[in-house]
Amino acid sequence: MSVGKSARGPIVEAPVGFFAAPVSHPAPGAAGKTGTWRDYRPVINEEKCVKCLLCWLYCPEDTILRREDDMVYVDYEYCKGCGICASVCPVNAIEMVPERGGLE
Amino acid sequence: MVVRIQDLPRRRYGMPGNAACPGCPEAMGLRYIKMALGDNVVLVIPAGCSSVIQGIWPKSGINFPILNIVFASAASAAAGMKAAFEMMGRDDVHVVVWAGDGGTADIGFQSMSGAAERNDDIIYIVADNEAYMNTGIQRSGLTPYGAWTTTTPLGKKEHKKNLPFIMIAHDVPYVATASVGYPHDFIEKLRKAAKIRGFRYIHLHAPDPVGWRFDPSLTPKVAQLAVKTGMWPLFEYDRGVFRLSPFSKPYKDPSKRTPIIEYLKLQGRFRHIIDKPEEIKKLEEYVDRLWYWIDALEKAFNPSEKARELLSRHA
Ligand SMILES: Cc1ncc(C[n+]2csc(CCOP(=O)(O)OP(=O)(O)O)c2C)c(N)n1
Ligand code: SF4
Ligand code: SF4
Ligand code: SF4
């Protein structure tokens, strides 16, 4: 059934019940608390950090968080411990420390 | 306009707790799309790692509205979706295909080529991790020569297909290469593409720690080495003008390039050719050929007025 017009022609309504698909919604933890995957945890030395934000830019998980003043900190609930933040830090302000098991 | 880190949006655009492996280049790329284009973006995703990164219903680990679709149809489904948005008067929505290299260079190629030919108003991004990763590392048309995959146990015998050049030949308004090693450049190109109408193609190089066998902390470094060795040149073709991007300009001069061995030796997938000079030479020759093409394209598509006039039919 035509329910209106547009520049490309009539707008046709989809038949009822024609298409039903399960819909997911973006939310943290779609694969669980991924912090438990970690073997090493990134620990930031605030004394050394020069706030260049490279760790924040490259972190695939978005688990480097930025404070108002651009000091960075880690979301350990979800950080997977890949070590990218430590590898891109120009002043070696991030150390990867072995985990002793369990979340904080 | 040059992108500065400090000016990028502060908002948390990634989606932590997704199912991507640690160090995943696809998770990186998805976050940069959101940083560049904001909220009015719908993704169309054919089968691949990014189908799985979304995690388990009822949550989704990717921070976009997504239509998951079969391999063969990503670009045509996106074109249809864009037409539907137009009918609804929603010209502000970007419909973006986010597909793997297998889903693009091999299985989805016909629908992408069709959408490019029709100049459908979509942005098509390939996350090129140089193999079918989601099904366990099979070779694709974009796997480079010599690389180990489960279907090329002795190393691939063919070179990487030069898809960006094939897309330029479709005479679409915008074609660019990018890399997860240079997020600023990728974001800048996405923003530029968003201002153009018609079919826009961005080929994102996405080194994969799992399939390429390197430590997950090295994803950005491996990506940067691909550019510094000349293996992955960053460029753009914008409505009739071909330009090397700033990060790749120095490597036009072969003597400025990092020896490709530096790139290969970080990756387990090249372990069996690392001591074979004749195999390395094949890759060096590939890089030389690639840059001949680039040289030719720069000369053919230079910013002269005449070229602009002739080639900017979509502008
Ligand atoms: C027609 C069809 N053939 C095969 C598959 C199985 N399959 C699902 S994902 C995938 C690999 C996709 O590889 P690529 O496009 O490179 O993306 P990546 O997983 O590397 O992100 C394959 C072969 C499928 N879903 N549909
Ligand atoms: S270790 Fe990886 S996931 Fe964790 S904060 Fe650093 S870059 Fe992000
Ligand atoms: S990369 Fe290092 S110096 Fe830069 S913001 Fe992160 S911790 Fe600080
Ligand atoms: S296999 Fe590679 S692309 Fe796929 S989820 Fe893992 S890291 Fe990401």
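The values are calculated or read from the model by the stated rules, or taken from the named source; none is laboratory data. Just so it is clear, the structure is predicted and the values come from calculations on it, not from any experiment. Please note: Cβ atoms are built from the backbone with ideal geometry, for glycine as well, and neighbour counts cover all protein chains shown. Side chains included, ligands, DNA and RNA excluded: accessible areas come from the protein's heavy atoms. Shrake-Rupley method; radii C 1.70, N 1.55, O 1.52, S 1.80 Å.
What's the total number of residues in segment B:206-260 that are of a type in the set (F, W, Y) and either more than 24 Å from A:P60 (Cβ to Cβ) or over 17 Å from the mean Cα position of the chain (by Cα) (or both)?
The total comes to 5.
So if I check each of B:E86, B:E117, which one is open to solvent by 50 Å² or more (accessible area, probe 1.4 Å), within 11 Å of another protein chain (Cβ to nearest Cβ) and of a type in the set (D, E, K, R)?
B:E86
Would you tally the residues in segment B:65-83 being open to solvent by less than 30 Å² (accessible area, probe 1.4 Å) and within 19 Å of the chain's Cα centre (by Cα)?
Total satisfying the criteria: 3.
Of all residues being open to solvent by less than 10 Å² (accessible area, probe 1.4 Å) and more than 16 Å from ligand 1 (Cβ to nearest atom) in segment A:60-75, which is nearest to B:P207 (Cα to Cα)? Just the residue, please.
From segment A:60-75, those open to solvent by less than 10 Å² (accessible area, probe 1.4 Å) are A:60-64, A:72; that's our starting set.
Among the residues that remain, those that are also more than 16 Å from ligand 1 (Cβ to nearest atom) are: A:61-64, A:72.
Values: A:E61: 16, A:D62: 18, A:T63: 20, A:I64: 21, A:V72: 26 Å.
The extreme case among them is A:E61.
Please list, ordered by first then second residue, the pairs with beta carbon atoms under 8 Å, 6 or more apart or interchain, first in segment A:57-70 and without any contact (Cβ under 8 Å) to a residue 24 or more places away in the chain and facing another protein chain (nearest Cβ under 7 Å), second within 11 Å of ligand 3 (Cβ to nearest atom) and in a loop (DSSP other than H, G, I, E, B).
Final answer for the pair search is A:R66/A:L53.
Answer with yes or no whether B:I33 is under 18 Å from the mean Cα position of the chain (by Cα), more than 8 Å from every other protein chain (Cβ to nearest Cβ), buried (at least 24 other Cβ atoms within 10 Å of the Cβ) and without any contact (Cβ under 8 Å) to a residue 60 or more places away in the chain.
For B:I33, the condition - under 18 Å from the mean Cα position of the chain (by Cα), more than 8 Å from every other protein chain (Cβ to nearest Cβ), buried (at least 24 other Cβ atoms within 10 Å of the Cβ) and without any contact (Cβ under 8 Å) to a residue 60 or more places away in the chain - is not met.
Could you list, in sequence order, all residues of segment A:36-55 that are closer than 23 Å to B:K34 by Cα and near ligand 2 (Cβ under 9 Å from one of its atoms)?
A:C55
Can you name every residue in segment B:157-201 that is open to solvent by 10 Å² or more (accessible area, probe 1.4 Å), touching a residue at least 40 places away in the same chain (Cβ under 8 Å) and in a loop (DSSP other than H, G, I, E, B)?
Scanning segment B:157-201 gives B:H159, B:K160, B:K161, B:N162, B:H170, B:D171, B:Y182, B:R197.
Go through segment A:25-75 residue by residue and tally those that are over 18 Å from B:R11 (Cα atoms) and either touching a helix residue (DSSP H, G or I) at 6+ places or on another chain (Cβ under 8 Å) or of a type in the set (A, V, I, L, M, F, W, C) (or both).
8
Working carefully through the options B:G211, B:G141, find the one that is more than 16 Å from ligand 3 (Cβ to nearest atom), assigned to a loop (DSSP other than H, G, I, E, B) and surrounded by 22 or more Cβ atoms within 10 Å (Cβ to Cβ).
Unique residue meeting the criteria: B:G211.
What pairs can you find where one residue is in segment B:274-288 and in a helix (DSSP H, G or I) and surrounded by 12 or more Cβ atoms within 10 Å (Cβ to Cβ), the other is at pLDDT 95 or above and basic (K, R), and their Cβ atoms are less than 9 Å apart, with a gap of 6+ or different chains?
Filtered contacts from segment B:274-288: B:Y286/B:K160; B:V287/B:R257.
Could you count how many residues in segment B:128-169 are farther than 23 Å from B:K281 by Cα, near ligand 1 (Cβ under 9 Å from one of its atoms) and of a type outside the set (A, V, I, L, M)?
6
Collect the residues in segment A:86-95 that are open to solvent by 10 Å² or more (accessible area, probe 1.4 Å), more than 8 Å from chain B (Cβ to nearest Cβ) and on the phi < 0 side of the Ramachandran plot, keeping them in residue-number order.
Result: A:C89, A:P90, A:V91, A:I94, A:E95.
Out of the strands (runs of 3 or more DSSP E) lying entirely within segment B:37-126, which hold 2 or more residues that are without any contact (Cβ under 8 Å) to a residue 24 or more places away in the chain and within 16 Å of B:H203 (Cα to Cα)?
In segment B:37-126, no matching strands (runs of 3 or more DSSP E) lie anywhere.
Of all strands (runs of 3 or more DSSP E) completely enclosed by segment A:32-89, which ones contain at least 1 residues that are of a type in the set (G, A, S) and within 16 Å of ligand 4 (Cβ to nearest atom)?
In segment A:32-89, no matching strands (runs of 3 or more DSSP E) lie anywhere.
Taking B:A147, is it of a type outside the set (S, T, Y), open to solvent by less than 10 Å² (accessible area, probe 1.4 Å) and either within 15 Å of the chain's Cα centre (by Cα) or more than 17 Å from B:P207 (Cβ to Cβ) (or both)?
No.
Okay, residues lined up against (1) modelled with pLDDT of 95 or more; (2) within 16 Å of ligand 3 (Cβ to nearest atom); (3) of a type in the set (F, W, Y):
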| position | (1), (2), (3) |
| --- | --- |
| B:I5 | no, yes, no |
| B:A19 | yes, no, no |
| B:Y32 | yes, no, yes |
| B:Q54 | yes, no, no |
| B:G61 | yes, no, no |
| B:F64 | yes, no, yes |
